[in-house]
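Chemist: Can you keep this structure in mind? I'll have questions shortly.
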Amino acid sequence: MSKSLARVRAALEQTGEAARIVEMADSTRTAAEAAAAVGCHLDQIAKSIIFRGEASGHVVLFVTAGGRQVDPARASALAGEALGRADAALIRAETGFAIGGVAPLGHLRPPRAFFDRHLLAFSQVWAAAGTPRHIFAIAPDRLARLAGATIADFTS
């Protein structure tokens, strides 16, 4: 088992969350791939979008409904600093995950996190579990709580 997957499993277990991690036969690297693999609505995929805080130099996490896009101006206003592109090295260093498998929890250094209000329309959402082929289902309100995320409007 990869270290990334083990961290997500441990994070879920430590909170008593009964979410079951599933390994898919095909890639779940993108929201569209994950939705196709699971057979759910695209917006039921809770994708983890990482930005770099320009002032802080640290990552900021936006857990977003699969079919929606983070609005940079709204996201920066929520974060309280300008946000820029986070490169793969920064993402790996701060979260412990590679792009395409970034989970909303189990980070090496828990980031400031924001959670897309649109995910709350579903009874269940699917999120990455630390690799491009592992995902788990969970109630969105519980995911927001476990991710330490503030529920907000930041998409377009």
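The values are calculated or read from the model by the stated rules, or taken from the named source; none is laboratory data. Computed from a predicted model, the values in this text were never measured in an experiment. Cβ atoms come from the backbone with ideal geometry, glycine included; neighbour counts cover every protein chain shown. In case anyone asks, the SASA skips ligands and DNA or RNA and just uses the protein heavy atoms, side chains included. Shrake-Rupley method; radii C 1.70, N 1.55, O 1.52, S 1.80 Å.
Chemist: Given the criteria closer than 15 Å to ALA147 by Cβ, at pLDDT 95 or above and of a type outside the set (Ser, Thr, Tyr), does LEU61 qualify? Show your work before the answer.
Modeler: Working: closer than 15 Å to ALA147 by Cβ: yes; at pLDDT 95 or above: yes; of a type outside the set (Ser, Thr, Tyr): yes.
The answer is yes for LEU61.
Chemist: Among the residues of region 104-124, count how many are open to solvent by less than 30 Å² (accessible area, probe 1.4 Å) and part of a helix (DSSP H, G or I). Talk me through it step by step, then tell me what you get.
Modeler: Kept after step one, since they are open to solvent by less than 30 Å² (accessible area, probe 1.4 Å), are these residues of region 104-124: 104-107, 111, 113-116, 119.
Now drop any that are not part of a helix (DSSP H, G or I), which leaves 119.
The number of residues fulfilling the criteria is 1.
Chemist: So, one more: Where in region 16-67 are there strands (runs of 3 or more DSSP E), lying fully within it, with 3 or more residues that are in contact with a Pro (Cβ under 9 Å, 6 or more places away or on another chain)? Outline the logic, then answer.
Modeler: Numbers: elements: 21-23, 45-53, 59-65.
Those strands (runs of 3 or more DSSP E) span 45-53, 59-65.
Chemist: Answer yes or no: is there a residue in region 19-26 that is modelled with pLDDT under 95 and small (Gly, Ala, Ser). Spell out the reasoning first.
Modeler: Here is the first cut: in region 19-26, the residues modelled with pLDDT under 95 are 19-26.
Next cut, small (Gly, Ala, Ser) only: 19, 25.
Scanning region 19-26, I find at least one residue that is modelled with pLDDT under 95 and small (Gly, Ala, Ser), so the answer is yes.
Chemist: Hey, can you tell me all the residues within region 69-93 that are part of a helix (DSSP H, G or I) and either over 21 Å from ARG145 (Cα atoms) or open to solvent by 70 Å² or more (accessible area, probe 1.4 Å) (or both)?
Modeler: So in region 69-93, the residues part of a helix (DSSP H, G or I) come out as 72-79, 88-93.
Passing the criteria: PRO72, ALA73, ARG74, SER76, ALA77, ALA88, ALA89, LEU90, ILE91, ARG92, ALA93.
Chemist: So which of GLY66, GLY96, GLY101, GLY39 ends up being on the phi > 0 side of the Ramachandran plot and surrounded by 18 or more Cβ atoms within 10 Å (Cβ to Cβ)?
Modeler: Working: GLY66 fails: on the phi > 0 side of the Ramachandran plot; GLY101 fails: on the phi > 0 side of the Ramachandran plot; GLY39 fails: surrounded by 18 or more Cβ atoms within 10 Å (Cβ to Cβ).
Every option except GLY96 fails the conditions.
Chemist: Please count how many residues of region 42-60 are buried (at least 17 other Cβ atoms within 10 Å of the Cβ) and out of contact with any helix residue (DSSP H, G or I) (no Cβ under 8 Å at 6 or more places or on another chain).
Modeler: Filtering region 42-60 down to residues buried (at least 17 other Cβ atoms within 10 Å of the Cβ) leaves 43-53, 59-60.
Add one more test, that the residue is out of contact with any helix residue (DSSP H, G or I) (no Cβ under 8 Å at 6 or more places or on another chain), and what stays is 48-49.
Residues that pass the stated criteria total 2.
Chemist: Moving on. Residue by residue through region 1-21, note down the ones that are open to solvent by 30 Å² or more (accessible area, probe 1.4 Å) and farther than 18 Å from ALA144 by Cα.
Modeler: Residues satisfying the conditions are MET1, SER2, LYS3, ALA6.
Chemist: Okay, moving on. Could you check region 125-156 and list, in sequence order, the residues that are polar (S, T, N, Q), part of a loop (DSSP other than H, G, I, E, B) and buried (at least 16 other Cβ atoms within 10 Å of the Cβ)?
Modeler: Within region 125-156, just THR131 meets the criteria.
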